[in-house]
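Structure, as structure tokens:
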Amino acid sequence: MASFNRETLCIKIQTEDFDLTTEISALRQDHKNIGAVVSFVGTVRDMNEGDEVSVLELEHYAGMTEKSLEKIRLEAHQRWSLEASMIIHRVGKLLPSDQIVLVAVASQHRENAFHAAHFIMDYLKTNAPFWKKETLPNGDVRWVDSRVSDQEAAQRWAV
Amino acid sequence: MTSRTSAIHILYFANFREVLGQAEENLPATHNTVSELLTTLAARGEPWKVALFDNENLQIAVNHDIASRETPLKAGDEVAFFPPVTGG
């Protein structure tokens, strides 16, 4: 089950866009006992802190990123009964309305998939080494600040 | 010359890389903890002291795991300093 192929399928860091339908099909493949799939897609907003944003650039810490996402994913599998899960996170230059992140979780019953997808996103926001830098229409460039609300969201799941 | 295996490899990310003007470097593995390493870096002057040593929001990773100032270091370790993460 935990073959090399399946492991690499679970976490992807990429510059390319992703197709939700294709990814969900891959996630469900060979799992006939799945009764629920919950997916979350994060997209680039054209506004932040009251300013228009024209470009969003994502940097990450290669090596640690994969390790931290896998840790979060496996923790979700320990907390809830899940059949499969995957995380895709894009890096590099993105434009407003572009897709940034996909979290998809499959389980036998919906409750576990809903909770696990929510948990993975909240932990990803505060634990995975990604940083956003935004360019405004006037050419100003600034690093996005972390939010206290994201910290609080992650703390909800503390055991 | 310090070879990578006898050194501590240090990485700086996001605005730290810009403020400090470098993405990575090697330092001799004579520092026993992250805190000792930070003391050496702070001695370089203001941007180093402000961005790293005095920064309450400083995030630290050792060998790809979240660490703290008390985390011990040994030759061959990879230490990363970065601001709070903002992915997703």
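Looking only at other chains, what is the average number of their beta-carbon atoms within 10 angstrom of each beta-carbon in A:129-138? It would help to have the intermediate numbers written out before the result.
On the way: counts 11, 6, 11, 5, 4, 0, 0, 0, 0, 0.
Per-residue shielding by partner chains comes out at 4.
If you stretched the chain out fully between B:Ile66 and B:Thr40, how much longer would it get, using 0.36 nm times the residue separation minus the C-alpha to C-alpha distance?
Details: separation 26, 0.36 × 26 = 9.36 nm, distance 2.08 nm.
So the chain would gain 7.3 nm between B:Ile66 and B:Thr40.
Lysine pairs in the protein assembly as shown with alpha-carbon atoms under 19 Å apart, 8 or more places apart or on different chains: how many are there?
11
Once you place label points 7 Å from the Cα toward the Cβ at A:Ala158 and B:Glu56, how far apart are they in nm?
Going from the A:Ala158 label point to the B:Glu56 one covers 1.7 nm.
Would you mind computing, in nm to one decimal, how far apart the modelled labels at B:Gln22 and A:Phe18 are, each placed 7 Å from Cα along Cα→Cβ?
Between B:Gln22 and A:Phe18, the simple spin-label model gives 3.6 nm.
Round to the nearest 10 and give me the degree value, 0 to 90, for the angle of helix A:64-79's Cα axis relative to the longest principal axis of chain A.
40
Relative to a virtual label point 7 Å from the Cα of A:Asp140 in the Cα→beta-carbon direction, which members of the range B:15-47 show backbone nitrogen distances below 16 Å?
Of the residues in the range B:15-47, none has backbone N under 16 Å from the label point off A:Asp140.
Roughly how many whole Å is it from the C-alpha centroid of the range A:54-88 to that of the range B:34-81?
The range A:54-88 and the range B:34-81 have Cα centres separated by 25 Å.
Suppose every K and R has +1 on its Cβ and every D and E has -1 on its Cβ; what is the size of the dipole of the range B:4-82 about the Cα centre, in Debye to the nearest 20? The partial results should precede the final answer.
Numbers: 6 positive and 11 negative charges, 31 e Å.
The calculated dipole for the range B:4-82 is roughly 160 debye.
Could you work out the relative contact order of chain B, using alpha carbon pairs under 8 angstrom and six or more residues apart, expressed as a whole percent?
Values: 152 pairs, mean separation 34.2, N = 88.
Relative contact order comes out at 39 percent.
Once the dipole of the protein assembly as shown is set up with Lys and Arg at +1 and Asp and Glu at -1 on Cβ about the Cα centre, which of A:Ala76, B:Ala61, A:Val148 lies farthest towards its positive end?
The listed residue farthest towards the positive side: A:Ala76.
With a ≥ b ≥ c the root eigenvalues of the C-alpha gyration tensor of the range B:4-82, is it rounded (a/c under 1.5), prolate (a/b larger than b/c) or oblate? Walk me through the numbers before you get to the answer.
On the way: a/c = 1.43, a/b = 1.38, b/c = 1.04.
Since a/c stays below 1.5, the shape of the range B:4-82 is classed as rounded.
Based solely on its DSSP helices, what 222 nm [θ] is calculated for chain B when runs of n ≥ 4 H residues each add -39,500 (n - 2.57) and the sum is averaged over all residues, nearest 500 deg cm²/dmol?
Working: 2 runs with 15 residues, N = 88.
So the helix-based figure for chain B works out to -4500 deg cm²/dmol.
Among A:Asn33, B:His9, A:Val44, pick out the residue whose Cα is farthest towards the positive end of the charge dipole of the protein assembly as shown, where Lys and Arg carry +1 and Asp and Glu carry -1 on C-beta, about the Cα centre.
It is A:Asn33.
For B:Ala7, what residues show an amide H to amide H distance below 5 Å, using hydrogens built from the backbone and excluding near sequence neighbours?
Excluding prolines and chain starts, which carry no amide H, the hits are B:Gly76.
Give me the accessible area buried between chains A and B, both sides summed, with a 1.4 Å probe, in Å² rounded to the nearest 100. Walk me through the numbers on the way to the answer.
Details: alone 9270 and 5210 Å², together 12670 Å².
Its buried surface, counting both partners, is about 1800 Å².
Partner chain Cβ atoms within 10 Å, averaged over the residues of B:12-19 - can you pull that number for me? Walk me through the intermediate numbers first.
On the way: counts 0, 7, 10, 5, 2, 2, 3, 0.
Mean shielding by partner chains, rounded to a whole number: 4.
With N residues in the protein assembly as shown, what two-decimal value do you get for its Cα radius of gyration over 2.2 N^0.38 Å?
Numbers: Rg = 19.6 Å, N = 247, 2.2 N^0.38 = 17.9 Å.
Compared with the compact-globule rule of thumb, the protein assembly as shown sits at 1.10.
The values are calculated or read from the model by the stated rules, or taken from the named source; none is laboratory data. On a predicted model such as this, the values are computed, not experimentally measured, just so you know. So basically every Cβ, Gly included, is an ideal-geometry build from the backbone, and we count neighbours across all protein chains shown. The protein model used for the area step is the full one, side chains on, heavy atoms only, and it has no ligands, DNA or RNA in it. Shrake-Rupley method; radii C 1.70, N 1.55, O 1.52, S 1.80 Å.
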